[in-house]
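*Asks:* Below: one structure in structure tokens.
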Amino acid sequence: MAFKIASSPHVTHNLHTSTVMQRVILCLLPGIVLQCAFFGWGTLIQVLLAIIVALSCEAMIMRLRQRNIKASLSDNSAMLTAILIGVAIPPLAPWWMIVMGAAFAIIIVKHLYGGLGHNLFNPAMAAYVLLLVSFPLQMTTWIAPSSVALNSPSVIDSLQIIFNIGAHIDINQFRLGIDGTTMATPLDTLKTDLSMGLTSTESMTKTIFDGSTGVGWFWVNLAYLAGGLVLLKLKAIRWHISTGVLLGLFVASSIGFLLSPDTQASPVLHLFSGATMLAAFFIATDPVTAATSPRGRIIFGALIGVLVYIIRTKGGYPDAFAFAVLLANLCAPFIDYYVRPRAYGHSAG
Amino acid sequence: MTNYREIAWQGLWKNNPGLVQLLGLCPLLAVTATITNALGLGIATMLVLIGSNILVSLVRDYVPKEIRIPVFVMIIAALVTTVQLLINAYAYGLYVSLGIFLPLIVTNCIIIGRAEAFASRNNAFSAAFDGLMMGLGFTLVLTVLGATREILSQGTLFEGADLLLGPWATSLTIHLWQVDTPFLLAMLPPGAFIIMGLLIALKNVIDKKLKERQPEVATEPSVTRARITKVS
């Protein structure tokens, strides 16, 4: 009787990159649907445009590098990057911004550093930072959530604004709330109001807020949270980073809120505004750019959470996940160096 | 012994201070937001470089080896001050827009590097020629970088050329296209780093193509030159 002899690993599972990426993309869907429900068709158009650009860039670079084009397109990683950029930028941003962002993410951030698995920075967030730093006005022009908006853009309106064709439509009419004031995102509104001397309680009475969180944004975040929990259940991601991010943000914002409730956003607002849930489950968990050991990942996540709180409250931009994720990416090798798991048979340290 | 063609080739391409030696990165990246600033700083650096190379070469036999660096630095500092005062007098606008990077030419590693590696070992004529070529190589990189950044960020060329050349030069400004929203990244330091990286990559690609085209082994030059790898 012959025994089959094979070298380790003896236990394998068929979880390929493309499967993982596919699951992540599927779990993003509820959030994208709700974002479309609250902010119109713009998000969907941006996502589709980003996918087209990212895949073409990926194919072009793979051709230049003389690698297998089909294999790299079918691993879904470029598509995931594109979707993340698409949902992150304002729904009615002009078309050339998303084109520039997606091309930058794939060509410069991903492939110039060696392609999938070698990039130092999260491509989607690096592209977001590129756009935010270059075009701050367009990148902070969010339209009002449909439930409290005076006008909501139709598909045609969205297409005309994004591609700047046909009759000129003023984007600002879609930023008006039912009370006739121009709306910004909840975090942006709070930041502006605090700088004008209002207390956070006074600011929270505006139409964009609904009780303790922002209109629409709460549900979008909830949808991403649900998608993230499914991802955890499917074991496409591990719990360490997400928990670290949420815990870091919660603890930091709780301390701030307890010390000075009038000038700080509540922890609930921090957790359910802006990109919190999207970033905690879908962006920070990118296995390439994060720390690798379980303990390191908790530290990595907590670093992002604390950085987000600091930049949101002290920085010049309303939301901070892109910057926090990039800074944490820079720290990942450092964290890995100091947080090494104990090897079997060796003493700790 | 002195091969002028070799010196020119070294300064302009093979050992280019900007692209290969990566010296003087601080001004290279900081002031190249427009082609005018880039040209201004490049020319100022070139003037200092030529002057310091000549002076260092002239005094090289009288300076004890132990104190040569302080002496070189004094010579360079005196020249930089001269150039700074001249620019202050004749191109005040440029003086303001270059700011601290003009006096900082003193610390530019290219200048002390050339003084140490070339001028202190060669006669004044070849030292002057080396200064000219290294300065030209540096200015070329600065100009290309400045032009790229200016086109990307504002869609213009020679914006503010009157600061460098006088009022008549306002007509030099070329508007390539109208930009509603300036591409701020190209104006900011990260953009400079990215474009600089792409320029170096482009040079490497060209070198590779040249090498492929000429497979025969080139004879090594008889004078091997010390290459400075210190990063400023």
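*Asks:* Can you list the residues, at least 5 places off or on another chain, whose amide H is less than 5 Å from the amide H of A:Thr263, using H built in the peptide plane?
*Replies:* Amide H neighbours of A:Thr263, under 5 Å, 5+ apart: A:Ser200.
*Asks:* Relative contact order for segment A:184-338 using alpha-carbon pairs under 8 Å, separation at least 6, rounded to a whole percent? Numbers along the way, then the final one.
*Replies:* Values: 224 pairs, mean separation 41.5, N = 155.
Dividing the mean separation by the residue count of segment A:184-338 yields 27 percent.
*Asks:* A further question follows. Distance in nm between label sites at B:Ile67 and A:Phe3, each 7 Å beyond Cα in the beta-carbon direction?
*Replies:* That separation, rounded to one decimal, is 8.1 nm.
*Asks:* Can you compute the modelled spin-label distance between A:Gln66 and A:Ser154, with each label point 7 Å from Cα toward Cβ, in nm?
*Replies:* The modelled label-to-label distance comes out at 5.4 nm.
*Asks:* Only Cα pairs under 8 Å and at least 6 apart count here; give the relative contact order of segment A:15-183 as a rounded whole percent. Please report the intermediate quantities before stating the final value.
*Replies:* Details: 240 pairs, mean separation 41.2, N = 169.
Rounded, it is 24 percent for segment A:15-183.
*Asks:* Further question: Taking segment A:184-338, how much of its Cα-Cα pair set, in percent, is spaced more than 27 angstrom apart?
*Replies:* 22
*Asks:* Within a 10 angstrom radius of the beta carbon, how do B:Arg149, B:Arg68 rank from fewest other beta carbons to most?
*Replies:* Numbers: B:Arg149 26, B:Arg68 16.
With the fewest neighbours first, B:Arg149, B:Arg68 line up as B:Arg68, B:Arg149.
*Asks:* Excluding same-chain pairs closer than 8 in sequence, count the lysine pairs in chain B whose Cα atoms lie under 14 Å apart. Let's see the in-between values first.
*Replies:* Details: B:Lys14/B:Lys203; B:Lys14/B:Lys208; B:Lys14/B:Lys211; B:Lys203/B:Lys211.
Qualifying lysine pairs in chain B: 4.
*Asks:* For the pair B:Thr107 and B:Val205, what calculated FRET efficiency results from E = 1/(1 + (r/R0)^6), where r is the Cβ-Cβ distance and R0 = 35 Å, to the nearest 0.05? Could you put the intermediate results ahead of the total?
*Replies:* Numbers: r = 32 Å, r/R0 = 0.91.
Result of the calculation: an efficiency of 0.65.
*Asks:* How shielded is B:184-192 by partner chains, expressed as the average number of their Cβ atoms within 10 Å of its Cβ atoms? Spell out each step's value before the answer.
*Replies:* On the way: counts 6, 9, 1, 1, 2, 0, 4, 3, 0.
What the average comes to for B:184-192 is 3.
*Asks:* Per-residue mean of other chain beta-carbon atoms within 10 angstrom of the beta-carbon, peptide A:303-309? Please report the intermediate quantities before stating the final value.
*Replies:* Values: counts 0, 0, 0, 0, 0, 0, 0.
For peptide A:303-309, the averaged partner shielding equals 0.
*Asks:* What translational D, rounded to a whole number of µm²/s, comes out for segment A:15-183 from Stokes-Einstein when the hydrodynamic radius is the Kirkwood one over Cα pairs, at 25 °C and 0.890 mPa s?
*Replies:* On the way: Rh = 16.6 Å.
Result for D is 148 µm²/s.
*Asks:* Could you line up A:Trp217, B:Trp177 from fewest to most neighbouring Cβ atoms inside 10 Å? Write out the running numbers ahead of the final one.
*Replies:* Working: A:Trp217 28, B:Trp177 8.
So the residues, fewest neighbours to most, are B:Trp177, A:Trp217.
*Asks:* Under the definition of Cα pairs under 8 Å and six or more residues apart, what whole-number percent is the relative contact order of chain B? The partial results should precede the final answer.
*Replies:* Numbers: 321 pairs, mean separation 76.8, N = 232.
Taking the mean separation of contacting Cα pairs over the length of chain B, I get 33 percent.
*Asks:* A further question on this structure: Taking amide hydrogens as modeled 1.01 Å from N in the peptide plane, which residues meet the under 5 Å criterion relative to A:Asn151, leaving out close sequence neighbours?
*Replies:* Amide H neighbours of A:Asn151: A:Leu176.
*Asks:* Let me ask you something else. Kirkwood hydrodynamic radius for chain B: how many Å is it when counted over pairs of different Cα atoms? Working shown, then result.
*Replies:* Working: mean 1/r = 0.0538 Å⁻¹.
About 18.6 Å for chain B.
*Asks:* Angle between the Cα long axis of helix B:189-213 and the longest principal axis of chain B, 0 to 90 degrees, nearest 10?
*Replies:* For B:189-213 against chain B, the angle is about 60 degrees.
*Asks:* Where is the GNM fluctuation largest for chain A (alpha-carbon springs, 10 angstrom cutoff): A:Met79, A:Met21, A:Met60?
*Replies:* In the Gaussian network model the winner is A:Met60.
*Asks:* Given R₀ = 51 Å, what would the calculated FRET efficiency be for A:Arg238 paired with B:Met74, taking r from the Cβ atoms and rounding to 0.05? Let's see the in-between values first.
*Replies:* Working: r = 61 Å, r/R0 = 1.20.
Working from the Cβ atoms, E equals 0.25.
*Asks:* At what distance in nm do the modelled label points of A:Leu327 and B:Phe193 sit from each other, each positioned 7 Å from its Cα along Cα→Cβ?
*Replies:* 1.5
*Asks:* Oh, and also: For segment B:65-169, what number results from the quotient of the Cα radius of gyration and 2.2 N^0.38 Å? All intermediate terms of the calculation are to be shown ahead of the outcome.
*Replies:* Details: Rg = 16.3 Å, N = 105, 2.2 N^0.38 = 12.9 Å.
This ratio for segment B:65-169 stands at 1.26.
*Asks:* State the number of lysine pairs found in chain A whose Cα atoms come within less than 29 Å, restricting to pairs 8 or more positions apart or on distinct chains.
*Replies:* Working: A:Lys70/A:Lys110; A:Lys70/A:Lys235; A:Lys110/A:Lys233; A:Lys110/A:Lys235; A:Lys191/A:Lys206; A:Lys191/A:Lys314; A:Lys206/A:Lys314.
Lysine pair count for chain A: 7.
*Asks:* In whole Å, what are the Cα extents of the protein assembly as shown along the three principal axes, biggest one first?
*Replies:* Here the Cα extents, ordered largest to smallest, are 84, 81, 51 Å.
*Asks:* Follow-up question, since we're still on this one. For A:His346, A:His111, what's the fewest-to-most ordering of other Cβ within 10 Å of each Cβ? Could you put the intermediate results ahead of the total?
*Replies:* Working: A:His346 7, A:His111 24.
With the sparsest Cβ surroundings first, the list reads A:His346, A:His111.
*Asks:* Here's a follow-up. Could you work out how far helix B:68-90 tilts from the main Cα principal axis of chain B, as a 0 to 90 degree angle to the nearest 10?
*Replies:* 30
*Asks:* Let me ask something additional. Does anyone have the angle between helix B:35-59 and the longest principal axis of chain B? Alpha-carbon axes, 0 to 90°, nearest 10?
*Replies:* 10
*Asks:* Once the other residues with Cβ under 9 Å from the Cβ of B:Ala33 are scored (Lys, Arg +1; Asp, Glu -1), what is the net sum? Kindly include the intermediate steps, with their values, before the conclusion.
*Replies:* On the way: positive: B:Arg149; negative: B:Glu150.
Computed value for this residue: 0.
FYI, it's all coordinate maths here, none of it is from the lab. Computed from a predicted structure; not experimentally measured. Quick reminder, even Gly has a Cβ in these numbers, built from the backbone with ideal geometry, and neighbours come from all protein chains shown.
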